[in-house]
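Below you'll find the structure, written out as structure tokens, and then a few comments.
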Amino acid sequence: MQIDGADESVGECSLTKQGESAEIGFMFLPKYWHQGYGTEVVNSLIDKAQTMKIKELTATTDERNRAAIHLLEKCGFQKQRSGWMVMLPEDEDDKMGEGQNIILFRKEI
Ligand SMILES: CC(C)(COP(=O)(O)OP(=O)(O)OC[C@H]1O[C@@H](n2cnc3c(N)ncnc32)[C@H](O)[C@@H]1OP(=O)(O)O)[C@@H](O)C(=O)NCCC(=O)NCCS
């Protein structure tokens, strides 16, 4: 993503459609946090999804990520369930079984 006045990408977002559902993702470089971009992007993804005949959006975040949790709840997402996500090792030196506690959020649109 680009914004006026910045000569670099400020972050990334995604909308991955599967049938009538889609998963959203978003991240910004730390220097662009707390300026409202997260709210703007999540609301834009919701608007975009509504034009694509998507009926349900999901988002997954680490349970410690208070910023993402607050942002998703502010944009109308509700906690669906919690779980443990295992990180698959990228090479054989990685420890098996490492992971994180995650929360799955959902919003009907
Ligand atoms: C999560 C993230 C996208 C938020 O982006 P942002 O541009 O800072 O969000 P906004 O400025 O729109 O703020 C959204 C709300 O979150 C709140 N917030 C921001 N950081 C917070 C924190 N650490 N704890 C609690 N609330 C927080 C803001 O105060 C704001 O609330 P308000 O509108 O009620 O005042 C950003 O921190 C980020 O990119 N983090 C790293 C990647 C990541 O976690 N991605 C999400 C994975 S699901």
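No value in this document is a laboratory result; all are computed from the given coordinates. Just so we're clear, the structure is a prediction, and the values are computed from it rather than from any experiment. Positions of Cβ are generated from backbone atoms using ideal geometry, with glycine treated the same way; all protein chains shown enter the neighbour counts.
Cross-link reach is defined here as a Cα-Cα straight distance under 26 Å, omitting same-chain residues fewer than 8 places apart; for Lys53 the lysines meeting it are Lys17, Lys74, Lys79, Lys107. The modelled label-to-label distance between Lys48 and Glu73, using points 7 Å beyond Cα along the C-beta direction, is 2.6 nm. Listed values for segment 43-59 are Karplus-derived 3J(HN,Hα) couplings in whole Hz (6.51 cos²θ - 1.76 cosθ + 1.60, θ = phi - 60°), namely 5, 5, 5, 4, 4, 5, 4, 5, 7, 10, 6, 8, 9, 8, 10, 10, 8, and x replaces Gly and Pro.
A convex hull fitted to the Cα coordinates of segment 11-108 yields 119 cubic angstrom per residue.
For segment 13-30, backbone phi angles converted through the Karplus equation (6.51, -1.76, 1.60; θ = phi - 60°) give residue-by-residue couplings of 9, 8, 9, 10, 8, 9, x, 9, 10, 8, 9, 10, x, 7, 7, 10, 4, x Hz, Gly and Pro being listed as x. The label point for Thr39 and the one for Glu63, both projected 7 Å from the Cα toward the Cβ, are 2.8 nm apart. Packing here is the average count of other Cβ atoms within 10 Å per residue, and on that basis the peptides 29-37, 52-60, 8-16, highest first, run 52-60, 8-16, 29-37.
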